[in-house]
Each structure stands twice: as C-alpha cells, then as structure tokens.
Amino acid sequence: MSYRKIQAALDARLQAYESDDVAFTGTPYYPAHGTSYLEVLFLPAPAEGIFLGSGAVELHTGDYRITVHDADMASAQSRIDALRSHFNKGRVLSFESLDVHLDGAAVGANEGDLKKIALPLLVSWRSYF
C-alpha cells in the first residue's frame, strides 16, 4: 500500500532532522519527566479522483503532525522554526519510487497546560498513485 511509502518518506525526513527524542505511532516511548520530545502522527485525508477510468491515478493528501513537547515556549518555538525549515514547502521526498510533495507547514495552538508546552506543527503533503 502506498500510504506506507508516504509515511516512510516523511519518517525518514524527520529522522534526518537528527533528533533522538521522537515518539513514533505504534512504538513504545517513555520520556523522562520534564524532557523535551517530538510526537508524530500520520493523518491521511480522503483520496480524490483526478482522472476518469479504472486504475486512474488519484490525488492523496494529508498532514504529518509533529507535536513539540517542551517545558518552555521559547524552546518549543525554536524547535518549531527548525522543523518548518526542515520540512520546507516545495520539497519532494521519495521512497521506493513514490514521490511525496510538501505543501507547507502550519503551527497550531498550544495544547499543553501550565506545566508544559505542546505545540503541533502540521506538515501538509500530497502524492499521486
């Protein structure tokens, strides 16, 4: 299935960011109290047909959500800026001959509380298969 390839391309790009503190979906991760880490979630949207006929290519889109968990807002925003540059708009990622086009990234509202910051970064992607 090609969603596996899309997620693998995005995960590989995040691993190139050189951060040891990443919590991937489906993998146990237990951060020490008060440490900073990244949480990843792959969110595909419904596919859209762009051509007619059976076996025609479809447009697949979605978000790759990276939530930055940190103790203070300045550090979290610094990591968000670095991640936005790392997943810059216009970049094309490839995995097993499937191209994934990055369409930009947007920061969401803080989902943390008074004790910690949790800033989500939504990286928009698209692919055709």
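The values are calculated or read from the model by the stated rules, or taken from the named source; none is laboratory data. Remember, predicted model here, so these are calculated numbers, not experimental data. We place every Cβ from the backbone using ideal geometry, glycine too, and count neighbours over all the protein chains shown. Each accessible area value is taken on the protein alone, full model and side chains, heavy atoms only, with ligands, DNA and RNA left out. Shrake-Rupley method; radii C 1.70, N 1.55, O 1.52, S 1.80 Å.
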Given the DSSP H assignment, sum -39500 (n - 2.57) over each helix run of at least 4 residues in the chain and divide by its residue total; what's the result at 222 nm in deg cm²/dmol, nearest 500? -7000 deg cm²/dmol
Folded to 0 to 90 degrees: helix 2-15 orientation relative to the chain principal axis, Cα: 40
Integer Hz, Karplus 6.51/-1.76/1.60 couplings in order for segment 82-98, x for Gly and Pro: 5, 5, 4, 5, 5, 9, 5, 4, x, 5, 10, 9, 10, 8, 6, 6, 10
Residue-normalised accessible area of segment 1-67, expressed per residue, 1.4 Å probe, Å²: 62
With G90 itself left out, Lys, Arg at +1 and Asp, Glu at -1 over residues whose Cβ is under 15 Å from its Cβ give +3
When the accessible area of the chain is split by element with a 1.4 Å probe, what percent falls to carbon and sulfur? 53
Contact order relative to length of segment 41-129, as percent, for alpha carbon pairs under 8 angstrom and 6 or more apart: 33
Dipole-positive endmost among L59, V22, P44 within segment 1-70 (Cβ charges, Cα centre): L59
Dipole magnitude of the chain, debye to nearest 20 (Cβ charges: Lys/Arg +1, Asp/Glu -1, about Cα centre): 160
Write out the chymotrypsin sites (Phe, Trp or Tyr not before Pro) in segment 40-115 meeting two conditions: DSSP loop, and at most 14 other Cβ atoms within 10 Å of their Cβ. F51
Nearest-20 debye value, segment 1-61 charge dipole, Cβ charges on Lys, Arg, Asp, Glu: 200
